[in-house]
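Chemist: This is the structure I have questions about; it appears just below.
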Amino acid sequence: MGWDSIIKEALSEGPKYSSDFRVKIIGVGGGGTNSIYRLSKMGINVDMIAINTDERHIMSLDLPKKVIIGKNITKGSGLGGNMGLGETVARQASKALYKFVDGADLIFVLSALGGGTGGGVGPVVAELARKSKALVVSIVTMPFKAEGKNRWNNAKIALEKFREVSNTVVVLDNNRLLEFAPNISFSKAFMAMDVLVGDLIKNVVETVNEPSFMNIDFSDLRTVMHKGGTSTVLYGEGEYYSPEDAVVDALNNPLMDIDYRGATGALIHITGGPNMTLRMVYKISEGITANIRDDAEVKIGARIDERYRNKIKITTILTGVHTPYVPERSYLMQGSSMGSLLPMIM
């Protein structure tokens, strides 16, 4: 499955890439700051900013831009899970924070939910980014269930706040790491998730920024994500001669517990070798979108990459999906097998 290569890539140095249009990646809180640190080591050549209340933690990392807020209240310590205090600290620093979010076309806000800074400061940063007229894609991670009920409940409250202020919120669930990567070390598992986030950002930026086999522009991206609600990432790989395996892999391995069949939008990026055909791209896209809404906005990007001469990689963002992490969850179809819903790919 696709996670095998994600884990392999987490252990190696990935390719460097950059963007011509203005992109910023902002990590908030301990988890978001750690993600920024790992992403900076992957050679992603866009503006990265780390924001935290915990001075000791943020200063211990080699980061491109460090922003410490709330020192007059916290004395440089963390917030102890107090999201209300986190929001207060962020509101007090809003003028300074706005300067960091201003001037971008696309802003990714990264945050691990459950704590005071990620869940309290993070939504304020996303709100300020939205006010700057940028397209705001928040990428948040839910905590492990073993971290306790209080942290989990805080995460759900924070997620709802992110949904209110972001164009779309991509939700990743750390508990899925236990399924996809149960036998690798703790640090490597989180690195694998960050590689996936980096790959997602890379695909979004390159799909808009570089000439491709099939290209989309920034207005297409905005159309899919402008009112995307809750989103998730599907990631899959397959051999050139069996692209249906890549579709099954992607649909059976979402990074949160979702019912994707009511999705309102899909951004599909397909990478393959020189032997990838237009018909293959069409059939893969058809397989991914077979059971989302008929009126969903769908944008497809496809790129030829020599490294995928005998493979196909699919990265998809589905927007407007239903999830148990928010109260309005409604199951459209119960008890169906995802694999049985797929059309045959020829």
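The values are calculated or read from the model by the stated rules, or taken from the named source; none is laboratory data. Values in this document were obtained by computation on a predicted structure and should not be read as measured data. Positions of Cβ are backbone-derived with ideal geometry, glycine not excepted, and every protein chain shown enters the neighbour counts.
Chemist: Scan region 180-187 and tell me whether some residue there is out of contact with any Gly (no Cβ under 6 Å at 6 or more places or on another chain), surrounded by 24 or more Cβ atoms within 10 Å (Cβ to Cβ) and within 18 Å of Thr33 (Cα to Cα).
Modeler: Looking through region 180-187, none of the residues is out of contact with any Gly (no Cβ under 6 Å at 6 or more places or on another chain), surrounded by 24 or more Cβ atoms within 10 Å (Cβ to Cβ) and within 18 Å of Thr33 (Cα to Cα).
Chemist: Next question, about the same structure. Restricting to region 130-160, what's the tally of residues that are at pLDDT below 90, out of contact with any Gly (no Cβ under 8 Å at 6 or more places or on another chain) and closer than 22 Å to Ile36 by Cβ?
Modeler: Adding up the residues that qualify gives 1.
Chemist: When residues of region 246-275 are filtered for being surrounded by fewer than 18 Cβ atoms within 10 Å (Cβ to Cβ) and at pLDDT below 75, how many remain?
Modeler: Residues of region 246-275 surrounded by fewer than 18 Cβ atoms within 10 Å (Cβ to Cβ): 252, 257, 273-275.
So of that shortlist, the ones also at pLDDT below 75 come out as 252, 257.
So the count comes out to 2.
Chemist: So how many residues does region 270-291 have that are closer than 24 Å to Thr319 by Cβ and free of Cβ contacts under 8 Å to residues at least 24 places away in the same chain?
Modeler: Qualifying residue count for the region: 3.
Chemist: Shifting gears a bit: Would you point out which residue out of Leu97, Leu79 is in the same structural domain as Leu196 (by TED's automatic domain parsing), buried (at least 19 other Cβ atoms within 10 Å of the Cβ) and under 17 Å from Met48 (Cα atoms)? Before you say what the answer is, go through the steps one by one.
Modeler: Details: Leu79 fails: under 17 Å from Met48 (Cα atoms).
The conditions single out Leu97.
Chemist: Considering Gly2, Gly32, which residue is at pLDDT 90 or above, within 18 Å of the chain's Cα centre (by Cα) and either of a type outside the set (A, V, I, L, M) or crowded, with 21+ Cβ neighbours inside 10 Å (or both)?
Modeler: Values: Gly2 fails: at pLDDT 90 or above.
Just one listed residue meets the conditions, Gly32.
To keep it simple, each residue is scored yes or no on (1) in a helix (DSSP H, G or I); (2) of a type in the set (Lys, Arg); (3) under 23 Å from the mean Cα position of the chain (by Cα).
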site: Ala266; (1), (2), (3): no, no, yes
site: Thr271; (1), (2), (3): no, no, yes
site: Asn275; (1), (2), (3): no, no, no
site: Ile284; (1), (2), (3): yes, no, yes
site: Ala302; (1), (2), (3): no, no, yes
site: Arg307; (1), (2), (3): yes, yes, no
site: Thr315; (1), (2), (3): no, no, yes
site: Leu318; (1), (2), (3): no, no, yes
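Chemist: Still on this model: Only one of Pro123, Pro143 is in contact with a Lys or Arg (Cβ under 8 Å, 6 or more places away or on another chain), of a type outside the set (D, E, K, R) and crowded, with 23+ Cβ neighbours inside 10 Å; which? Full working, then the answer.
Modeler: On the way: Pro143 fails: crowded, with 23+ Cβ neighbours inside 10 Å.
Sole residue among the options that is in contact with a Lys or Arg (Cβ under 8 Å, 6 or more places away or on another chain), of a type outside the set (D, E, K, R) and crowded, with 23+ Cβ neighbours inside 10 Å: Pro123.
Chemist: Which one of the conditions (1) in the same structural domain as Pro123 (by TED's automatic domain parsing); (2) among the small types (Gly, Ala, Ser); (3) buried (at least 23 other Cβ atoms within 10 Å of the Cβ) does Gly236 fail to meet, given that it meets all the rest?
Modeler: (1) is the only condition that Gly236 fails.
Chemist: Only one of these conditions is not met by Lys75: (1) charged (D, E, K, R); (2) under 25 Å from the mean Cα position of the chain (by Cα); (3) over 16 Å from Ile26 (Cα atoms). Which number is it?
Modeler: (2)
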